[in-house]
Structure formats: structure tokens, C-alpha cells
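K.L.:
I have a structure I would like to understand better, so I am pasting it below and will then ask my questions one at a time.
The values are calculated or read from the model by the stated rules, or taken from the named source; none is laboratory data. Computed from a prediction, not measured in an experiment: that's the story for all the values here. Reconstructed Cβ throughout: ideal geometry from the backbone, glycine too, with neighbour counts over all protein chains shown.
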Amino acid sequence: MSYKAVATCLFGLEKVVEFELKRLGIDVISVSDGRVVFEGTKVDIARANVNCSTAERILIVLDEFDARDFDSLFDKTGEIVWGDIISDRDSFPVKGYSINSNLTSVPVCQK
């Protein structure tokens with residue numbers, strides 16, 4: 001099974017992260033400011049996490065959707081089948097960012 005993931009990095013290091021991922025044989029989808037999007041298996045993601053020295057974090061994309069306001073953010077988040085991802089005994093820490101978004105209150109987005 002293939003997953004979409006994002007390697008976050010400091011601005012200016014995107015090409016280095018891209019090189020590291022490609023060196024590992026991982027397919028890079030896109031490169032933009034502070035992030036490199038790639039696709040791979042669970043093993044590829046684990047290898048990227050261990051071997052990419054310039055990436056800050058390796059994040060797995062669980063879902064993507066447009067949210068133009070807080071109501072649509074909460075509605076779309078509620079539509080995700082969370083039971084397929086985590087159990088009711090697991091924790092799921094959320095760290096939010098707001099970049100070029102109409103939704104500027106990160107604490108409200110994280111609730």
C-alpha cells in the first residue's frame with residue numbers, strides 16, 4: 001500500500017531533502033517552500049524518517065480537503081473515519097500551522 005507523506009524542512013533546504021529522498025529510491029511528488037511531498041510504502045516512510053538528515057519531520061497525509069471557514073474545517077474533520085486510523089485508547093497530538101489561509105486562529109483549528 002502506498003501513502004502520501006510530507007517531509008518538512010527549513011526554507012532553502014527543499015532541494016537537499018528532495019535529493020535525500022530520491023537517493024533512497026522514493027518518488028517525490030512536489031517541492032515547495034519548507035516541504036517536500038512524496039509517496040511511498042510504510043517502509044519507505046520509515047527509511048525517510050531515519051535517513052533524511054535535513055528534514056525536520058516526516059508527516060503522513062491522512063486526508064486533504066478545502067476548508068474556507070471553521071465550520072467546514074470541523075465538518076470535514078468529522079467525516080474522517082478516525083477508527084480506521086487510531087483506536088479510542090490512542091492519543092493524537094495536533095500541532096497546527098496557518099500559512100496563507102483564511103483560518104488564522106491556530107488554537108481554534110486544533111480543537
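K.L.:
Could you grab me the full set of residues in the stretch 9-42 that are part of a loop (DSSP other than H, G, I, E, B), touching a strand residue (DSSP E or B) at 6+ places or on another chain (Cβ under 8 Å) and surrounded by fewer than 17 Cβ atoms within 10 Å (Cβ to Cβ)? Working first, answer last.
P.N.:
So in the stretch 9-42, the residues part of a loop (DSSP other than H, G, I, E, B) come out as 9-13, 24-26, 33-34, 41.
Checking which are touching a strand residue (DSSP E or B) at 6+ places or on another chain (Cβ under 8 Å) leaves us with 9, 26, 34, 41.
Hit for the stretch 9-42 is Thr41, nothing else.
Matching residues to (1) loosely packed, with under 15 Cβ neighbours inside 10 Å; (2) touching a strand residue (DSSP E or B) at 6+ places or on another chain (Cβ under 7 Å):
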| position | (1), (2) |
| --- | --- |
| Ala46 | yes, no |
| Cys52 | no, yes |
| Arg57 | yes, yes |
| Pro93 | yes, no |
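K.L.:
Would you confirm, using the coordinates I've provided, whether Val50 is under 25 Å from Leu10 (Cα atoms) and at pLDDT below 90?
P.N.:
Numbers: under 25 Å from Leu10 (Cα atoms): yes; at pLDDT below 90: no.
So Val50 does not fit the description; no.
K.L.:
So which residues in the stretch 43-73 are in contact (Cβ under 8 Å) with a residue 12 or more places away in the chain, of a type outside the set (S, T, N, Q) and part of a helix (DSSP H, G or I)?
P.N.:
Of everything in the stretch 43-73, those that are in contact (Cβ under 8 Å) with a residue 12 or more places away in the chain, of a type outside the set (S, T, N, Q) and part of a helix (DSSP H, G or I) turn out to be Asp44, Ile45, Arg47, Ala48, Phe70, Leu73.
K.L.:
Next question, about the same structure. Being at pLDDT below 90, farther than 26 Å from Phe11 by Cβ and not assigned by TED's automatic domain parsing to the domain that holds Leu13: is that true of Ile80 here?
P.N.:
Values: at pLDDT below 90: no; farther than 26 Å from Phe11 by Cβ: yes; not assigned by TED's automatic domain parsing to the domain that holds Leu13: yes.
No: the conditions fail for Ile80.
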